[in-house]
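Read the structure below first, then the notes.
The values are calculated or read from the model by the stated rules, or taken from the named source; none is laboratory data. Not measured: the values here are computed from a predicted model. When we count neighbours, we look across all protein chains shown, and the Cβ atoms used for this are built from the backbone with ideal geometry, even at glycine. Side chains are part of the model used for accessible areas, which takes the heavy atoms of the whole protein and leaves out ligands, DNA and RNA. Shrake-Rupley method; radii C 1.70, N 1.55, O 1.52, S 1.80 Å.
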Amino acid sequence: MSTSTNRILFVDDEPKILKALARICRGEDYDVRTADTPEKAVGILESEPVAVVVSDQQMPGTPGTTLLSQIRERFPDTIRILLTGYTEMHVAVAAINDGEVYRLLTKPWNDDELRATLRQGLETYDMRREIERLGRLRHEQNVELQRMNEGLEERVRERTQEVKQKHVELRRAYVETVRALAEAVDAKDSYTRGHSERVAVYAARISERLGSNRAFVERLYLAGLLHDIGKIGIPDAILGKPGRLTRKEYAHMQKHAQIGARILEPVSFLGDVVSCVRHHHEWYDGSARGYPDRLRSSAIPYPSRILLVADTVEAMTSDRPYRRALPMDAVCDEIERFKGSQFDPGVADCFLEIAEREGDGFLERTSKFDLDCFLGDIGDRT
Ligand SMILES: [Fe+2]
Ligand SMILES: [Fe+2]
C-alpha cells in the first residue's frame, strides 16, 4: 500500500519525451512508470496503484483528455495531470473545468514547475487518502460506539429488571412479615382469627371502589393488617372474655388504638400507617363514643374512616362468644343507621352499593387477597 503513494505514470506516444520526463524525476523518491500508449497506461493502472498520472494530450487514437476521463472513472484516487501544447489549450481548459484533471502543464514544460506540480500532486494524493482513512476510522468508531451503546442499553434494561424483581421480593417479604404479625395478634383470641387480614382486604376493596390509587390501596391494606396490633398490650382475660366487658375493661380495651400507634411509630417503613391505626375507632360526628382523640369528619385520616367500616363489617359477620355471625342485611342496616354519626357517609354509601350488588359474595370472594397481583402492580410502578 505504501508504494502506491509515490508512484508516477507518464503517458506519451513519443519515447523521447517519456525519457525526458523520467529524467526529471531522477534523484527524487518517486517510483516512475512510463507508457507510450493509452492502453499500456490503463494496463499499468490495473496492475498497481498510481498516485499521479501525467498524460500528453495529442496521441494517436485516444486523446489525453479521454484517457484521463477513463482514469477518473475507474481509478478516482489517482491525481491526473494533462500535458498539452498551446494550440490545444481550449481542450485542456475544458478538461479542467469539467473536473477531469487536477493540473495543466504546457509543452515545452519548465522542469522546476513540473517537479513542483508532481510534488503537489503526490501531496494531494496522500492527503486525500489520509482523509479517507480518517473517514473510515470515524465510521468504524461510530459503529463500535453504537454497538457499545446498544450493549449498555441492554445492560441497563437487565439491571432495571433485576432491581424491579428485587423490589417486588422485598415488598413481598415485608407484607408477609406484617401479615404474620397481624396473625399473631388475631391468634390471641380464637374468635378473631383472620380478622385483620379480612379487614385489610375489605378496606382495600372499598377504597378501590372509591377510585383510590394503588399506593393508597397498599397503605390501607397494610393499615388494615395492623389496625389491632395494639391488642398485644391488652390482657388475654379482657380480649377473650366471653361476656360483656365492664366499663373499666372497655376503657382498657380502647387503649389498643394508641398502643398500636406507639408500637408502629419507630418502624420507619410503616410511618404512614401510624395515624390510620391510631384513629380507626374515631366517630365521624366527633362524639365521645369515638376514641382516642374524638376527631371529627375530615380531621379523621381518610384511611381510618374506611377501616372503621371494614372493621365493623368484619366483626358483625364473624361469630363471637356472645353471638353468631350476622347476615349481610343486618350489617347494611347498621351501616345505614350510623351513617353520618359513626361512619363517613361517602364510605358508608360506597360499601352499601357494593353490598347491594354482591351480597354475601363480598365476604366470600375477598376472603383471600391477591398478593401477587398487588405486588405485580407495585413492580410495574417502579
Ligand atoms: Fe380496633
Ligand atoms: Fe378490629
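Restricting V199, V217, V277 to those that are away from ligand 2 (no atom under 16 Å from the Cβ), assigned by TED's automatic domain parsing to the domain that holds R324 and open to solvent by less than 60 Å² (accessible area, probe 1.4 Å) reduces the list to V217. A single entry from Y102, Y86 fulfils the requirement of being modelled with pLDDT under 95, on the phi < 0 side of the Ramachandran plot, open to solvent by 70 Å² or more (accessible area, probe 1.4 Å) and touching a strand residue (DSSP E or B) at 6+ places or on another chain (Cβ under 7 Å): Y86.
Looking only at region 71-83, count every residue that is open to solvent by less than 30 Å² (accessible area, probe 1.4 Å) and either of a type outside the set (D, E, K, R) or not assigned by TED's automatic domain parsing to the domain that holds T37 (or both) and tell me the total. Talk me through it step by step, then tell me what you get.
The first filter runs over region 71-83 and keeps only residues open to solvent by less than 30 Å² (accessible area, probe 1.4 Å), leaving 71, 78-83.
Cutting the leftovers down to either of a type outside the set (D, E, K, R) or not assigned by TED's automatic domain parsing to the domain that holds T37 (or both) gives us 71, 78-79, 81-83.
The number of residues fulfilling the criteria is 6.
For region 317-336, the count of residues that are in the same structural domain as Y191 (by TED's automatic domain parsing), more than 22 Å from Y191 (Cα to Cα), touching a Pro at 6+ places or on another chain (Cβ under 7 Å) and at pLDDT 95 or above is zero. Under 43 Å from the mean Cα position of the chain (by Cα) and within 16 Å of ligand 1 (Cβ to nearest atom): is that true of I234 in this structure? When the stated conditions are applied, I234 does not pass them. Checked against (1) open to solvent by less than 40 Å² (accessible area, probe 1.4 Å); (2) of a type outside the set (V, I, T); (3) part of a helix (DSSP H, G or I); (4) modelled with pLDDT of 95 or more, L68 meets all criteria but (4).
Scanning region 97-147 for residues that are aliphatic (A, V, I, L, M) and closer than 24 Å to I24 by Cα gives V101, L104, L105, L114, A116, L118, L122, M127.
Just one of the listed residues (G243, G224, G230, G260) is assigned to a loop (DSSP other than H, G, I, E, B), open to solvent by less than 60 Å² (accessible area, probe 1.4 Å) and in the same structural domain as D311 (by TED's automatic domain parsing), and it is G243.
Residue by residue through region 295-312, note down the ones that are part of a loop (DSSP other than H, G, I, E, B) and surrounded by 15 or more Cβ atoms within 10 Å (Cβ to Cβ). Talk me through it step by step, then tell me what you get.
Here is the first cut: in region 295-312, the ones part of a loop (DSSP other than H, G, I, E, B) are 295-296, 300-301.
L295, I300, P301 - these are the residues of region 295-312 that are part of a loop (DSSP other than H, G, I, E, B) and surrounded by 15 or more Cβ atoms within 10 Å (Cβ to Cβ).
Every listed requirement among (1) free of Cβ contacts under 8 Å to residues at least 40 places away in the same chain; (2) in a loop (DSSP other than H, G, I, E, B) is met by G271 save one, (2). Applying a threshold of 8 Å to beta carbon distances and a minimum spacing of six or more residues, or different chains, the list of pairs starting in region 5-23 at a residue that is part of a loop (DSSP other than H, G, I, E, B) and ending at one that is of a type in the set (G, A, S) reads D12/S55. Within region 280-289, the only residue that satisfies the criterion of being within 11 Å of ligand 1 (Cβ to nearest atom) and either outside any loop (DSSP other than H, G, I, E, B) or surrounded by fewer than 20 Cβ atoms within 10 Å (Cβ to Cβ) (or both) is H281. For the criterion of being closer than 23 Å to A348 by Cβ and either modelled with pLDDT of 95 or more or assigned by TED's automatic domain parsing to the domain that holds Y291 (or both), A237 fails. Can you pull out every residue in region 51-65 that is open to solvent by less than 10 Å² (accessible area, probe 1.4 Å) and either closer than 16 Å to L83 by Cβ or over 60 Å from the mean Cα position of the chain (by Cα) (or both)? V52, V53, V54, S55, D56, G64 - these are the residues of region 51-65 that are open to solvent by less than 10 Å² (accessible area, probe 1.4 Å) and either closer than 16 Å to L83 by Cβ or over 60 Å from the mean Cα position of the chain (by Cα) (or both).
Given Q258, Q254, which one is within 28 Å of A325 (Cβ to Cβ), within 13 Å of ligand 1 (Cβ to nearest atom), touching a strand residue (DSSP E or B) at 6+ places or on another chain (Cβ under 9 Å) and at pLDDT 95 or above?
Details: Q258 fails: within 28 Å of A325 (Cβ to Cβ).
None of the others qualify; the one that does is Q254.
Checked against (1) at negative phi; (2) away from ligand 1 (no atom under 14 Å from the Cβ), G211 meets all criteria but (1).
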